[in-house]
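S.K.: Before we start, here is the structure in question, set down as structure tokens.
Please treat every number below as a calculation from the coordinates, not as lab data. Since we're looking at a predicted model, the values are computed, not measured. Cβ: placed from backbone, ideal geometry, glycine included. Neighbour counts: every protein chain shown.
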Amino acid sequence: MRVLIVHNRYLLPGGEDEVFGSERRLLETFGHQVDSYEVSNREILQAGAWGEVAAGPRACWSFGSAAAVGEILRRRQPDVMHVHNWFPLISPAVYREARRRGVAVVQSLHNPRLVCPGASLSRRGETCTDCVGRGVAWPAVTRGCYQESRLRTAAVAFALAMHRYRGTWRRDVDAFIVFTKFFQHVFTAGGLPEAKIHVKPHFVEPDPGVRTGPPGDYALYVGRLSEEKGVRLLLKAWSRLEGIPLVVRGDGPLKEEVTRFAAGNPKVSVRLVGRLSRTELSELIKGARFLVWPSLGCYETFGLVAIEAFACGVPVLGSDAGAMAEIVEPGRTGLHFPSGDAEGLAGQVRSAWMRPVVTEAMGRAAREVFESRYTARANHGRLMEVYATARSQIECERAVHDSRPARPRVVERAH
């Protein structure tokens, strides 16, 4: 199969960029021919003030990206165009180019931007779904949910409203990929056609291998150091936990707050570590007794670090909301705590820490779940199913179009 993959990279590499690269390697490993069209938000910085001004209209309809993708489609004639992220420089204009050429369109929904201009479904550390299902996301505009700017949020909300009005999501996309059933329900509530939304989780490749020693001697957090990731909740919980070491691997706006907490609380043990290679990170995970996943509400669309822990045979403590509730099976692959509840998190940490035999058993079960659901081979099979569904959608539409009777020609009589 020939696949064109499309992606708008962010300024700072994140999970979406990582998944884009992983899925490209997955396709190539299984013998598919892969072409790509990529842009980066660095273009906005390089263009200065004009780049900021132009980004809004480009998010609505980028003629440049449409022309570039159209040329690739013409030359390479792929079976499927798989878009990972079109915001803000590529735009849904590329869907129309694929439709014109009869190429199936698949869109991965790495974040909830189609139903939330801020792409987080959270506000001030609380779950927020005020814009889900609205024709125009006015609550987000009045609050400045995107980059804390009402003007920028209005630009995003306008782009989403325009495409909702013209039926872009229903007409121009053959299949959407989400990573949990929870987000399947979120996007259905937001107006996307349920029949086109397919659940395909992420995967870990290469397999880091399961740890061989006993449960480790520290708890571990891996992720962005930000409010919505539950970092303040994590620190609040650890202020109640003496004698349980916590290792934090990450970067972000709350890095200095984590550093101050570690230095100013001598009775608790919190250690912040710097950037690590993939191998070093795997070893760090294997050395942990369990991973803590404290994200707030329904912010997470998946949780790649959780299945990395599963692959290493390490259980996960996550909240009872959103993707965390779906991926972590309480009592089998980890434990749940009430979302946003620092005392509840502290209690589950104590429970897991004081029962190493139980923790070790949950780690073994986590590895079994990884082998059955989150390997590259399992993921490739599911991806091919989605591609096949998207292609059949195109073929059905073509058959319906071809079966319509041609309009009769009107011949004017000469007078």
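S.K.: Got the relative contact order for segment 327-391 handy, in percent, Cα pairs under 8 Å and 6 or more residues apart?
M.R.: 26 percent
S.K.: Test of understanding: what is the full-extension gain from residue 368 to residue 256, defined as 0.36 nm times their sequence separation minus their Cα-Cα distance?
M.R.: Result: 36.5 nm gained on full extension.
S.K.: Against the longest principal axis of the chain, how steep is helix 376-403, in degrees 0 to 90 to the nearest 10, with axes from Cα atoms?
M.R.: 20 degrees
S.K.: Additional query: As I understand it, the value is the acute angle between the Cα axis of helix 356-373 and the longest principal axis of the Cα atoms of the chain; what does it come to in degrees, rounded to 10?
M.R.: Its long axis makes an angle of about 20 degrees.
S.K.: Where both partners of a DSSP beta bridge lie in the chain, what percent of those bridges are antiparallel, to the nearest 5?
M.R.: 5 percent
S.K.: By how many nm would the segment from residue 332 to residue 277 grow when fully extended, if each residue of separation counts as 0.36 nm and the alpha-carbon distance is taken off?
M.R.: Roughly 16.8 nm would be gained on extension.
S.K.: What is the fewest-to-most order of 65, 226, 36 by other Cβ atoms lying within 10 Å of their Cβ?
M.R.: Sorted ascending by nearby Cβ count, the order is 36, 226, 65.
S.K.: Would you kindly calculate the translational diffusion coefficient of segment 160-239, applying Stokes-Einstein with the Kirkwood radius from alpha carbon pairs, for 20 °C and a viscosity of 1.002 mPa s, and quote it in µm² s⁻¹ without decimals?
M.R.: On the way: Rh = 16.9 Å.
Reported coefficient: 127 µm²/s.
S.K.: For each of 391, 275, 373, count neighbouring Cβ atoms within 10 Å of the residue's Cβ, then give the residues from fewest to most.
M.R.: Values: 391 19, 275 9, 373 15.
Exposure proxy ranking, most exposed first: 275, 373, 391.
S.K.: Here's something else I'd like to know. Divide by every residue of the chain the summed helix terms, -39500 (n - 2.57) for each DSSP H run of at least 4, and state the resulting mean residue ellipticity at 222 nm, rounded to the nearest 500 deg cm²/dmol.
M.R.: Computed ellipticity for the chain at 222 nm equals -14000 deg cm²/dmol.
S.K.: Name the long-range amide H neighbours of residue 5: under 5 Å, sequence gap of 5 or more, or other chain; modelled H, no Pro or chain starts.
M.R.: 35, 36, 37, 82
S.K.: Would you mind ranking 259, 129, 359 by Cβ crowding within 10 Å, fewest neighbours first? Mind showing how you got there, number by number?
M.R.: On the way: 259 14, 129 18, 359 22.
In increasing order of surrounding Cβ atoms, one gets 259, 129, 359.
S.K.: Moving on. How far apart, in nanometres, would the label points at residue 351 and residue 199 be if each is projected 7 angstrom from Cα along the Cα-to-Cβ direction?
M.R.: That separation, rounded to one decimal, is 2.4 nm.
S.K.: Now a separate question. Regarding segment 219-373, what's the average projected area of the Cα-atom convex hull, expressed in nm²? Don't jump to the answer; show the numbers that get you there.
M.R.: Numbers: hull surface 31.8 nm².
Averaged projected hull area, Cα only: 8.0 nm².
S.K.: Could you point to the residue in 37, 72, 55 farthest towards the positive end of segment 31-118's charge dipole, with +1 and -1 charges on the Cβ of Lys/Arg and Asp/Glu respectively?
M.R.: 72
S.K.: So what's the gap between the Cα centers of segment 12-35 and segment 99-149, to the nearest angstrom?
M.R.: Taking the Cα centre of segment 99-149 as reference, the centre of segment 12-35 is 24 Å away.
S.K.: I want the local charge near residue 8. Using Cβ-Cβ distances under 13 Å, sum +1 for each Lys or Arg and -1 for each Asp or Glu among the other residues.
M.R.: Net local charge, residue 8 excluded: 0.
S.K.: On alpha carbon coordinates alone, what is the Rg over Rh value for the chain, Rh being the Kirkwood radius?
M.R.: 1.02
S.K.: With the contact rule set at Cα under 8 Å and sequence spacing of 6 or more, what percent relative contact order holds for the chain?
M.R.: After rounding, I find 14 percent.
S.K.: While we're on this one: Taking the alpha-carbon centroid of each part, what is the distance from segment 170-228 to segment 263-338 in angstrom?
M.R.: 14 Å
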